[in-house]
1. Pick out which of V276, V69, V264 has the largest mean-square fluctuation in a Gaussian network model of the chain, springs linking Cα atoms closer than 10 Å.
2. Among D170, D146, D60, determine the one that fluctuates most according to a GNM of the chain built with springs between C-alpha atoms less than 10 Å apart.
3. Just for the chain, what percent of DSSP beta bridges are antiparallel, to the closest 5?
4. Can you quote the Å³ per residue value for the convex hull of the Cα atoms in the chain, rounded to an integer?
5. Quick check on my link table: of K14/K294; K196/K221; K267/K294; K141/K196; K14/K238; K26/K141, which ones sit more than 23 Å apart, alpha carbon to alpha carbon?
6. Amide H neighbours of A245 under 5 Å, counting only residues 5+ apart in sequence or on other chains, H built in-plane at 1.01 Å?
7. How much length, in nm to one decimal, is gained on full extension between R260 and K337, taken as 0.36 nm per residue of separation minus their Cα-Cα distance?
8. For the stretch 198-257, with equal point scatterers placed on the C-alpha atoms only and solvent neglected, what are the log10 I(q)/I(0) values from the Debye formula at q = 0.28 1/Å, to two decimals?
Amino acid sequence: MGPLLARRKFAMAKSAYIHIPFCQHKCDFCDFAAFAGLDDLSEEYSRVVVQEINQRLNKDPNAEKLATVFFGGGTPGYVPPQQLANIIEALRQNCGIEANAEITLETTPHTITPEKCASWQMHGINRISIGVESLQDFELKAMGRDHTRAQAMSGARVARESGYDNLALDLMYGLPEQTLESWSDTLDDLLSLQPKHISAYGLTIAQNSPLLLRFPRDSEKYPSEEIFEKMYYMLVDKCEAAGLAQYEIANFAFPGYESRHNIVYWKNEEYLAFGVSAHRYYRGIRSSNFRGLKKYMREFFNDETAEEIDTDNRLKEAVFLGLRLRAGLNLAEFQQKYGVDLLVSKAREIDKLQSFGLLDLTAGNLKLTQRGVLISNSVLAELI
Ligand SMILES: C[S@@+](CC[C@H](N)C(=O)[O-])C[C@H]1O[C@@H](n2cnc3c(N)ncnc32)[C@H](O)[C@@H]1O
Ligand code: SF4
């Protein structure tokens, strides 16, 4: 067995993703495993997740203490906090959680109350990620959200006043009805809330999205490509001027407040995952749970998909994910970890992308330029 293989075999996951699929309302643009109107199932669901954790981890005598836990969704902040506490307890009992672990909870702004914050804190949740999406009522309405600008501002303030300093706020751009001016106002108002972290995603629309019924793809209500680009540059400029560094294509943070959990994904490290539709990368295998809620609850112990990641794919994923980080790939580290010199194996592609101004190679770090970020999917496809 070569050294690389040996290292892989014993690489352990120190991060866990938990999917909580319940929402107060299903937004028109959302393609996640997220369900409204099924609140009655959440208690039983949390018990199934606990069973899944017990079953999957019990078999593993080598499980390591967790350094990060991420409750994503859906809207984990919508369900009774005790259900989250039971899941945290199951993780603690099976593998342990480090004393200074990052434990994140995603939520909509209008689910946040001082009582819930106190309860989340009591259970060890120390980072809140709020889906603000826009601070314009007409945009929120157009995209099918069920909260207002005032509720979004108030949710963030309540979380802060309840002691959540580590606050992450999500925005979206490229929205129907959105203009460069409204985006500028949203960014200014969001920054006035002084979040430690901002994620900003360009809208993606699934093929059968309900949003398309009101705003078909060719609708003039969407910003043009040119405006979309300006929105991206405005986002980067305003965040950086406020002290939030762009550390990943869509993520900005004050130093020390980068999402430790998400960095695990981008560094191509392994992680556990539990809950409906959850995807994990563990012991060299990427696998996922059933996407259908009832099917998952009946068959939580089975995978819907499972793929062993061979060396070739592991390299490709490392490039694909690593270049999302604005620091880029350190080529010496990459060679040490994967045994491949990208400057040799990808010489032609790197040269070409550099000459188009899409990739930058400085001091042994390969990274996307800002133009490269805007068309990152094509650039990365060319490279891998
Ligand atoms: C699970 S949601 C966040 C928590 C909560 N459910 C909410 O919506 O406020 C995660 C984030 O993904 C982003 N998102 C969801 N659907 C998207 C889409 N179609 N295109 C781009 N971003 C999307 C939004 O910014 C959203 O806040
Ligand atoms: S609240 Fe969040 S997870 Fe739920 S439907 Fe809306 S965007 Fe999706």
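1. Largest GNM mean-square fluctuation: V264.
2. In the Gaussian network model the winner is D60.
3. Details: 22 of 53 bridges.
Percentage antiparallel, nearest 5: 40.
4. Once divided by residue count, the hull of the chain is 144 Å³.
5. Details: K14/K294 29 Å; K196/K221 32 Å; K267/K294 33 Å; K141/K196 27 Å; K14/K238 34 Å; K26/K141 13 Å.
In this structure, K14/K294; K196/K221; K267/K294; K141/K196; K14/K238 lie more than 23 Å apart at Cα.
6. Answer set, sorted by chain and number: A253, F254.
7. On the way: separation 77, 0.36 × 77 = 27.72 nm, distance 2.03 nm.
Between R260 and K337, full extension yields an extra 25.7 nm.
8. Debye curve over Cα of the stretch 198-257, log10 I(q)/I(0) at q = 0.28 Å⁻¹: -1.12.
Read-outs: derived from the displayed coordinates by stated rules, not from any lab. Keep in mind the model is a prediction, meaning the values are calculated, not measured. Counting neighbours? That spans all protein chains shown, and the Cβs are built from the backbone with ideal geometry, glycine included.
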